[in-house]
Amino acid sequence: MTDSESNTDGMPGERLTQQDRQRIAAGIADGLSCSEIARRLGRPPSTISREIARNGGSGDYRPDRAHRATGLRARRGTPAPPRAAGSPGDAVGEEIIETAVRAGLPRMMARVHMDLLLSEEGRRTAAELTRRLKVSPASVSLAVNYLVQHGYVRRERDPRRRRDVYVIDDAAWYRSVVLSTMQTLETARSAMAMAEASGPDSPVGQRMARAGAFLERVSLDMMESADRWRGLLE
């Protein structure tokens, strides 16, 4: 089978070559969205999202492995097993993950966050996350610790099975905003302290004082807004 004969989803006109898959991998590494990768390859976005979803997702896509797997499926005449609806590998989930990555959230943290968001009860164990995302327990542990630290997720203890359960609820959005704002407020106060130490009349002191005043005002406004609109989450 030649490169041009391999097909990612059995649909004519959407064949991907090994070079295409290498460019997909490069695009993922550069943090590009499925739509941007598709545009650069001249392919439909649905073709790229299916290709990535069927071959490990954006966190574990390997072009050589994907190419071999597609060839095996073509020889067997069987399509790839479908992912569960609403999993982080579907087109919508992948786009949201890419958006979160561009906003600064590490990719693994974004994948875990999305899987929790799309879970029926908003809760999973570390073992469930490891199995669903097909990643190592260490990767999940690092991701959930980050999410808990930043208020996106909370940790509960299951006393019967002696294991942690990770939960995302409506209040998580409020907690994450508050934690982020508090960190910005700390930065503002550090800037003000530096301005005082540098001398309020010095160029550095004036620059840091302006930065501190701006960050403090924005932080306080954000806190006030979060408190005012918190009822929308209840």
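The values are calculated or read from the model by the stated rules, or taken from the named source; none is laboratory data. From a predicted model like this one, the values you see are computed outputs, not experimental measurements. Every residue, glycine as well, gets a Cβ built from its backbone with ideal geometry; the counts of neighbours run over all protein chains shown. In case anyone asks, the SASA skips ligands and DNA or RNA and just uses the protein heavy atoms, side chains included. Shrake-Rupley method; radii C 1.70, N 1.55, O 1.52, S 1.80 Å.
For the range 173-234, with all protein chains present and a 1.4 Å probe, just round the carbon and sulfur fraction of the accessible area to a whole percent. Please report the intermediate quantities before stating the final value.
Numbers: 2660 of 4340 Å².
That share works out to 61 percent.
Distance between the modelled labels on Met194 and Thr17, one decimal in nanometres: 5.1 nm (7 Å Cα→Cβ projection).
Remark on the range 118-228: hydrodynamic radius 16.6 angstrom, per the Kirkwood mean of 1/r across alpha carbon pairs. Principal axis extents of the C-alpha atoms in the chain (largest first, rounded to whole Å): 73, 52, 32.
Solvent-accessible surface of the chain, averaged per residue with a 1.4 angstrom probe and all protein chains in place: 57 square angstrom. Among the GluC sites (Glu not before Pro) found in the range 93-177, those both in a DSSP coil and sparsely packed, with 12 or fewer other Cβ atoms within 10 Å of their Cβ, are Glu120, Glu121.
Summary: within the chain, the longest segment free of trypsin sites (Lys or Arg not before Pro) located in DSSP loops with at most 14 other C-beta atoms within 10 Å is 1-133. Below 14 angstrom from the Cβ of Met208, what's the summed charge of the other residues (Lys, Arg +1; Asp, Glu -1)? Once all neighbours under 14 Å are counted, the net charge is 0.
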